[in-house]
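The values are calculated or read from the model by the stated rules, or taken from the named source; none is laboratory data. The shown structure was predicted, so the numbers you read here are calculated from the model rather than taken from an experiment. Note that we place each Cβ from the backbone using ideal geometry, even for glycine, and neighbour counts take in every protein chain shown. With ligands, DNA and RNA removed, areas are computed over all heavy atoms of the protein, side chains included. Shrake-Rupley method; radii C 1.70, N 1.55, O 1.52, S 1.80 Å.
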Amino acid sequence: MYSKEQTQNLQQQTEDLIKEHNSKSINTKAIETLRTVLRFHEYRYYILNDPLISDFEYDTLYKLLEKIEEEHPTLITPDSPTQRVAKGLTKDFPTVQHLVPMLSLDNSYNSADLIEFDRKAKELSGVDEIEYCVEPKFDGSSISLIYENDLLVRGATRGDGVEGDDVTTNIKQIRSVPLSAKFSDFGLQQIEIRGEVLINKNNFSKYNAELMEEGFSPLANPRNAAAGTMRIKDPKEVAKRNLEAFVYHVSFYTMADGQKQPEALATHSGALQMLWDLGFRSPEKEKRMCNGINDVVKYCTEFEAKRDDLPYEIDGMVVKVNNIALQEKLGMTSHHPRWAIAYKFKARQATTKLIGIEFQVGRTGAVTPVAKLEPVAIGGVTVSSISVHNAEYINEKDLRIGDSVLIERAGDVIPQIVKSLPDVRKGTEHKIVFPNSCPVCHTKLFKEEEEAVWRCVNIDCPAQVVERIIHFVSKDAMDIRGLGDANVRKFYDLKLLQDIPGVYSLDFKKIGELEGFGKRSIDNLQSAIEASKKQPLHRLIYALGIRFVGETTAKTLAQAVKNLLDIKNFTIEELLLLEDVGPKVAGSIHHFFSNKQNIEMLHELEKLGIQFSNEKKQLSTTGNLSGQTFLFTGTLPTLKRSEAEAMVEEQGGQIVSGVSAKLNYLVVGEDAGSKLDKAKKLNTVKIISEEEFLKMINR
Ligand code: IVH
């Protein structure tokens with residue numbers, strides 16, 4: 001899409017724009033450059049997954065464009081990056097007709113099915129050996145996109161295949177769908193493209209965690225989440241879900257006057273390449289050309305092994321005859337084309353019996369029903385219990401004890417019950433009865449009107465206390481290894497650990513007398529506890545388990561104060577001024593710090609030597625790396641990018657967004673791209689490995 005030279009020019013223009021913006025001298029003439037630059041960075045971010053500037057820099061330029069357009073509305077173009085955001089709500093999704101019916105695919109499940117497909121295709125076409133293009137079968141929700149004169153004019157759902165819903169406004173929220181593309185370079189006037197909208201595993205898990213945190217029912221799988229999002233009437237809400245789109249098929253096109261059919265559209269692989277070159281996310285990098293069916297079988301098996309490593313869900317591969325003339329010769333049935341077949345991977349769904357319900361109490365007192373299942377294997381993992389979240393969820397899915405249920409484990413996503421199977425009920429099944437009182441401390445349960453969960457409101461409920469300690473010591477919180485769930489429970493039952501401060505006054509002599517605790521494990525535990533006292537403030541805040549305060553809000557809070565106890569002095573209004581802190585979060589933080597018992601606990605922790613001050617701020621100008629700038633590129637062998645960046649900042653170094661004369665060190669991992677090339681050209685940048693970096697910071 002962008003050559004090396006264009007990339008370098010655009011990056012230079014970006015830097016110039018940022019500089020100009022800082023000097024406030026930007027004028028309206030720059031508007032088209034600004035759009036080109038923003039589109040380029042959207043492409044780097046959403047298609048290539050390799051941004052060249054920071055989110056902040058992108059936002060600065062975006063806001064600048066918004067400002068110029070606001071002052072000069074006549075200069076707005078329909079494909080301006082600002083035009084993705086729709087104001088207001090969509091009333092209804094009008095039904096629209098697809099230019100060509102959206103057919104489904106025939107399925108195959110093993111190599112014999114594929115061999116049979118190939119045999120028939122050869123027989124029907126009279127060709128000896130067929131070239132196939134094999135690509136992933138994306139597990140999302142299918143869409144059709146129409147571009148006319150290079151502009152996206154319509155996006156629709158599949159519907160019944162003949163008619164679908166016009167969801168153009170929602171589709172415009174998907175950043176990997178270009179609002180305009182130079183189809184005219186290929187002589188095309190109108191084109192209909194098919195693709196799949198999906199939500200990646202990471203965003204799906206985050207979204208489900210948010211839903212559950214707010215007391216809503218989670219969604220069963222990313223596919224349902226993507227399909228559901230397409231039907232949301234508030235485009236802003238759609239934008240928040242971070243949908244992605246792959247495009248994989250050209251179903252219809254017309255040429256501009258006097259233009260010849262483009263060479264690219266003579267083959268499927270040519271079409272994928274054309275779409276990729278025009279800035280779409282087609283499976284250009286994931287596809288493989290195969291001569292003969294044996295190659296196809298090999299690639300399908302090979303890709304299945306990588307399934308769990310992909311950031312998004314796929315449920316199989318699609319095998320397509322590459323030559324379009326040959327595709328036309330083979331034609332279609334009323335249901336599916338004869339030139340393509342889906343190769344389905346082993347299902348991640350299974351049916352089993354719901355044999356009982358257990359009620360568990362979480363750290364915020366939420367009582368969660370957990371379904372006990374007859375153990376069943378799905379994708380190599382045996383599942384015997386699944387959270388069923390809350391009473392509403394149980395009602396929605398009409399779950400009864402004794403029911404057969406369909407369950408799904410989507411990759412590394414937590415298994416979920418998709419539905420019950422009422423048609424096979426015998427009459428012996430019975431309804432799930434919710435308890436009125438806490439199953440652990442027997443306090444009467446309470447439910448807020450707008451919430452779906454029932455809660456035990458006894459803050460001293462043993463189940464809550466244990467869960468709070470477990471959260472406090474967990475990996476993303478204080479990270480005290482050796483004090484896992486089982487040990488916390490054991491120590492609590494033995495009265496060796498009764499509350500959070502108790503973590504720092506454990507009786508190691510008594511622990512040493514327990515079975516399974518040798519000197520080494522005690523030493524390790526002791527040093528992990530000691531090390532945790534120096535955890536950065538944001539981890540401590542997160543560890544406190546304040547409702548609605550996840551890792552991001554904890555970081556925001558930590559940045560806003562010098563000492564943990566400063567938060568106590570914030571009014572709700574002041575909390576609301578912090579980034580991404582809404583009324584619910586602000587209320588919860590305020591509530592936590594207004595509670596006498598909590599404040600006493602914090603004083604106790606402070607006395608025990610836990611670091612309450614914002615260490616990072618003090619270090620930033622004095623650390624080892626003070627005055628040095630760093631940038632990370634490629635996949636690092638052991639560190640997460642965020643971890644490495646935090647290490648730099650902890651030692652007073654600074655992270656910069658791109659390679660320039662300002663950069664001192666470029667730390668390169670595997671598959672480093674253009675940043676490495678650029679750094680090599682600039683003789684001033686030191687290029688180092690992760691190992692060298694770790695040495696530098698004495699790790
Ligand atoms: S080609 C006329 N390619 O799978 C053929 N479909 O089960 C058009 N799908 O309805 C489809 N990934 O929604 C094609 N790489 C891919 C695909 C793909 C996912 C979906 C598509 C289709 C369904 C059939």
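How many residues does the range 287-313 contain that are within 12 Å of the ligand (Cβ to nearest atom) and more than 19 Å from residue 340 (Cβ to Cβ)?
Total satisfying the criteria: 2.
Any chance the range 614-624 includes a residue that's touching a helix residue (DSSP H, G or I) at 6+ places or on another chain (Cβ under 6 Å), at pLDDT 80 or above and either open to solvent by less than 40 Å² (accessible area, probe 1.4 Å) or under 17 Å from residue 50 (Cα atoms) (or both)?
Looking through the range 614-624, at least one residue is touching a helix residue (DSSP H, G or I) at 6+ places or on another chain (Cβ under 6 Å), at pLDDT 80 or above and either open to solvent by less than 40 Å² (accessible area, probe 1.4 Å) or under 17 Å from residue 50 (Cα atoms) (or both).
Within the range 398-412, can you find the residues that are at pLDDT below 95, outside any strand (DSSP E or B) and surrounded by 19 or more Cβ atoms within 10 Å (Cβ to Cβ)?
Matches in the range 398-412: 409, 410, 411.
How many residues does the range 148-167 hold that are away from the ligand (no atom under 16 Å from the Cβ) and either within 11 Å of residue 96 (Cα to Cα) or buried (at least 23 other Cβ atoms within 10 Å of the Cβ) (or both)?
So the answer is 2.
Find all pairs meeting these conditions: Cβ atoms under 8 angstrom apart; at least six residues apart or on different chains; first residue within the range 235-246 and under 17 Å from residue 49 (Cα atoms) and within 16 Å of the ligand (Cβ to nearest atom); second residue open to solvent by less than 40 Å² (accessible area, probe 1.4 Å) and acidic (Asp, Glu).
Sorted first by the residue in the range 235-246, then by its partner, the pairs are 245/196; 246/196.
Considering each residue of the range 103-146, count those that are within 28 Å of the chain's Cα centre (by Cα) and either part of a strand (DSSP E or B) or more than 24 Å from residue 297 (Cβ to Cβ) (or both), and give that number.
The qualifying residues number 12.
Residues that are under 19 Å from residue 501 (Cα atoms): which helices (runs of 4 or more DSSP H) entirely in the range 518-592 hold 2 or more of them?
519-532, 537-543
Checking the structure you have, find out if any residue of the range 421-437 is under 23 Å from residue 224 (Cβ atoms), touching a residue at least 60 places away in the same chain (Cβ under 8 Å) and within 31 Å of the chain's Cα centre (by Cα).
Yes, the range 421-437 contains at least one residue that is under 23 Å from residue 224 (Cβ atoms), touching a residue at least 60 places away in the same chain (Cβ under 8 Å) and within 31 Å of the chain's Cα centre (by Cα).
Checking residue 491 against (1) over 23 Å from residue 609 (Cα atoms); (2) within 37 Å of the chain's Cα centre (by Cα); (3) not aliphatic (A, V, I, L, M), which single condition isn't satisfied?
(1)
How many of the residues in the range 215-261 are acidic (Asp, Glu) and surrounded by 14 or more Cβ atoms within 10 Å (Cβ to Cβ)?
The qualifying residues number 2.
Please go through the range 86-102 and give me each residue that is open to solvent by 80 Å² or more (accessible area, probe 1.4 Å) and in a loop (DSSP other than H, G, I, E, B), ordered by number.
Those that are open to solvent by 80 Å² or more (accessible area, probe 1.4 Å) and in a loop (DSSP other than H, G, I, E, B): 87, 89, 91, 92.
Which members of the range 168-181 meet the condition of being more than 16 Å from the ligand (Cβ to nearest atom) and outside any loop (DSSP other than H, G, I, E, B)?
168, 169, 170, 180
Please count how many residues of the range 3-16 are open to solvent by 60 Å² or more (accessible area, probe 1.4 Å) and over 27 Å from residue 71 (Cβ atoms).
Counting residues in the range 3-16 that are open to solvent by 60 Å² or more (accessible area, probe 1.4 Å) and over 27 Å from residue 71 (Cβ atoms) gives 5.
Restricting attention to the range 74-85, which residues are under 19 Å from residue 172 (Cβ atoms), part of a helix (DSSP H, G or I) and open to solvent by 30 Å² or more (accessible area, probe 1.4 Å)?
83
Is there any pair linking a residue in the range 498-518 that is more than 23 Å from residue 610 (Cβ to Cβ) to one that is part of a loop (DSSP other than H, G, I, E, B), with Cβ under 9 Å and at least six apart or on different chains, and which?
512/518; 514/494; 514/496
Somewhere in the range 242-261, is a residue under 30 Å from residue 365 (Cα atoms) and among the charged types (D, E, K, R)?
Within the range 242-261 (the criterion being under 30 Å from residue 365 (Cα atoms) and among the charged types (D, E, K, R)), the answer is no, since none of the residues qualifies.
Please specify each residue of the range 103-140 satisfying the condition of being open to solvent by less than 20 Å² (accessible area, probe 1.4 Å), within 16 Å of the ligand (Cβ to nearest atom) and in contact with a helix residue (DSSP H, G or I) (Cβ under 8 Å, 6 or more places away or on another chain).
108, 114, 121, 132, 133, 134, 135, 136, 140, listed by residue number.
Exactly one of these conditions fails for residue 282: (1) of a type in the set (Ser, Thr, Tyr); (2) in contact with a Lys or Arg (Cβ under 8 Å, 6 or more places away or on another chain); (3) under 18 Å from residue 176 (Cβ atoms). Give me its number.
(2)
What is the number of the single condition among (1) buried (at least 16 other Cβ atoms within 10 Å of the Cβ); (2) modelled with pLDDT under 85; (3) not aromatic (Phe, Trp, Tyr) that residue 19 does not meet?
So residue 19 meets the others, but not (1).
Failed condition for residue 268, given (1) over 33 Å from the mean Cα position of the chain (by Cα); (2) within 11 Å of the ligand (Cβ to nearest atom); (3) at pLDDT 95 or above, with all others met?
It is condition (1) that residue 268 fails.
Looking at 356, 380, 316, which is the one that is under 23 Å from the mean Cα position of the chain (by Cα) and either away from the ligand (no atom under 16 Å from the Cβ) or open to solvent by less than 30 Å² (accessible area, probe 1.4 Å) (or both)?
316
Considering only residues of the range 74-102 that are aliphatic (A, V, I, L, M) and away from the ligand (no atom under 16 Å from the Cβ), which is farthest from the chain's Cα centre (by Cα)?
So the residue we want is 75.
Among the residues of the range 273-286, is any away from the ligand (no atom under 13 Å from the Cβ), buried (at least 17 other Cβ atoms within 10 Å of the Cβ) and small (Gly, Ala, Ser)?
yes
Would you check if residue 31 is surrounded by 16 or more Cβ atoms within 10 Å (Cβ to Cβ) and closer than 27 Å to residue 247 by Cα?
no
Is it true that residue 600 is within 30 Å of residue 3 (Cα to Cα), of a type in the set (Asp, Glu) and open to solvent by 20 Å² or more (accessible area, probe 1.4 Å)?
Taking the combined requirement at face value, the residue does not satisfy it.
Of these, 42, 69, which one is over 17 Å from residue 177 (Cα atoms) and surrounded by 12 or more Cβ atoms within 10 Å (Cβ to Cβ)?
The match here is 69.
Within the range 428-483, which residues are surrounded by 21 or more Cβ atoms within 10 Å (Cβ to Cβ) and aromatic (Phe, Trp, Tyr)?
Residues satisfying the conditions are 454, 472.
All but one of (1) touching a helix residue (DSSP H, G or I) at 6+ places or on another chain (Cβ under 9 Å); (2) within 18 Å of residue 364 (Cα to Cα) hold for residue 451, so report the exception by its number.
(1)
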